[in-house]
Amino acid sequence: MHESERHRIILSAIQEKPVVTVQDIAELTDASEATIRRDIASLHVQGKLRRVRGGAEAVHPPQLGNLAARPFRVSESVNIDKKRAIARKAVDLCEEGDAIIINGGTTTFQMVHYLSARRLQVMTNSFAIAEHLVKHSKCNVSVPGGAIYRDQSLILSPFENDAIRNFYARRIFIGAQGVGALGIMESDALVIQSEQKLMRQAEELIVMIDSSKFRKRSSLILCPLENVSTIITDEGISDEAARMVEAAGVTLIVAGTAAAQTRPPDEEDSVSVA
């Protein structure tokens, strides 16, 4: 990852919480801790953040938001090739005319690039996904009622009387904060409430996660692993994690990242030709 991209991620991350550790940023960027310390030192000298013991903080600390979920802009470019490969496999499961639900997230967002030529019925609680599909696809798009959480680009509502209960889907596609033997994990109770409402409207649950999510844990469980139909991940999945998934009776799809190195279809179409 280029230095400028690491700096963008660091500056976005310190808007999420008062102090971000070197380890947190190293995980986000796949860079060494020594590299991250140099980045923090450089940004400190530029006056863009304050260096603190073990990490960094914002010069003007942000007000804490209502959601524990990581801001969309922080995670959007992390592991992008893996996310695109996973998204390509997810869209391969869709047939023309299908009704599907796509939950908000940076991995599920990558599906939009491969849906550009499809005609599907799509329900999503992601403002970013809905906006992209309306502008760049032939899909019919529905969104639930609720408040827009700008940082996460999510539309969430604590109420049951919204558009979700009137939509039926063949499949729902979701990301996750972590996956373990106890189930699919998320970091925020309101996000879990929204996802569970969406999940009740679909026949099959498809979880889209990069392989690092098998090593992460959260204090909140969205659903048991046995409720999942399919998990799509990348080639970095360990043998132990693969055995855990298969023992739960869940179909495992491993996406190779080589094909994701090329531009997705709608990005190719958007390139101007002189």
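The values are calculated or read from the model by the stated rules, or taken from the named source; none is laboratory data. Computed from a predicted structure; not experimentally measured. No Cβ is skipped: glycine too gets one built from the backbone with ideal geometry, and neighbour counts run over all protein chains shown. Note: areas computed on protein heavy atoms with side chains; ligands, DNA, RNA excluded. Shrake-Rupley method; radii C 1.70, N 1.55, O 1.52, S 1.80 Å.
Restricting attention to the range 1-10 and to residues that are surrounded by fewer than 19 Cβ atoms within 10 Å (Cβ to Cβ) and under 14 Å from ALA58 (Cα atoms), the residue that is modelled with the highest pLDDT turns out to be HIS7.
Candidates in the range 44-59 are the residues that are outside any strand (DSSP E or B) and among the β-branched types (Val, Ile, Thr); of these, the one that is farthest from VAL20 (Cα to Cα) is VAL45. Scanning the range 19-39 for residues that are farther than 20 Å from LYS213 by Cα and either in contact with a strand residue (DSSP E or B) (Cβ under 6 Å, 6 or more places away or on another chain) or surrounded by 19 or more Cβ atoms within 10 Å (Cβ to Cβ) (or both) returns VAL19, ILE36, ASP39. Right, ARG171: open to solvent by 10 Å² or more (accessible area, probe 1.4 Å), closer than 19 Å to VAL254 by Cα and at pLDDT below 95 or not? In short, no.
Provide a single number: the residues in the range 212-244 that are within 18 Å of GLU27 (Cα to Cα), open to solvent by 10 Å² or more (accessible area, probe 1.4 Å) and within 17 Å of the chain's Cα centre (by Cα). So the answer is 7. Restricting the range 232-274 to residues that are acidic (Asp, Glu), within 21 Å of TYR114 (Cβ to Cβ) and assigned to a helix (DSSP H, G or I), the residue that is modelled with the lowest pLDDT is ASP269.
Here GLU95 passes the criteria (1) assigned to a loop (DSSP other than H, G, I, E, B); (2) in contact (Cβ under 8 Å) with a residue 12 or more places away in the chain except the one numbered (2).
Residues that are open to solvent by 50 Å² or more (accessible area, probe 1.4 Å), of a type in the set (S, T, N, Q) and part of a loop (DSSP other than H, G, I, E, B) within the range 116-165 comprise just one, ASN161. The criterion of being surrounded by fewer than 21 Cβ atoms within 10 Å (Cβ to Cβ) and either closer than 24 Å to ALA34 by Cβ or modelled with pLDDT of 95 or more (or both) does not hold for VAL74.
Tell me yes or no: at least one residue of the range 189-200 is touching a strand residue (DSSP E or B) at 6+ places or on another chain (Cβ under 7 Å), free of Cβ contacts under 8 Å to residues at least 12 places away in the same chain and open to solvent by 40 Å² or more (accessible area, probe 1.4 Å). No, every residue in the range 189-200 fails to be touching a strand residue (DSSP E or B) at 6+ places or on another chain (Cβ under 7 Å), free of Cβ contacts under 8 Å to residues at least 12 places away in the same chain and open to solvent by 40 Å² or more (accessible area, probe 1.4 Å). Pairing residues of the range 24-35 that are free of Cβ contacts under 8 Å to residues at least 12 places away in the same chain with residues that are part of a helix (DSSP H, G or I) and open to solvent by 50 Å² or more (accessible area, probe 1.4 Å), at Cβ distances under 8 Å and at least 6 apart in sequence or on separate chains, gives ALA26/GLU33; GLU33/GLN23. Residues in the range 96-115 that are among the small types (Gly, Ala, Ser) and either surrounded by fewer than 20 Cβ atoms within 10 Å (Cβ to Cβ) or not assigned by the TED database to the domain that holds ILE155 (or both): GLY97, ALA99.
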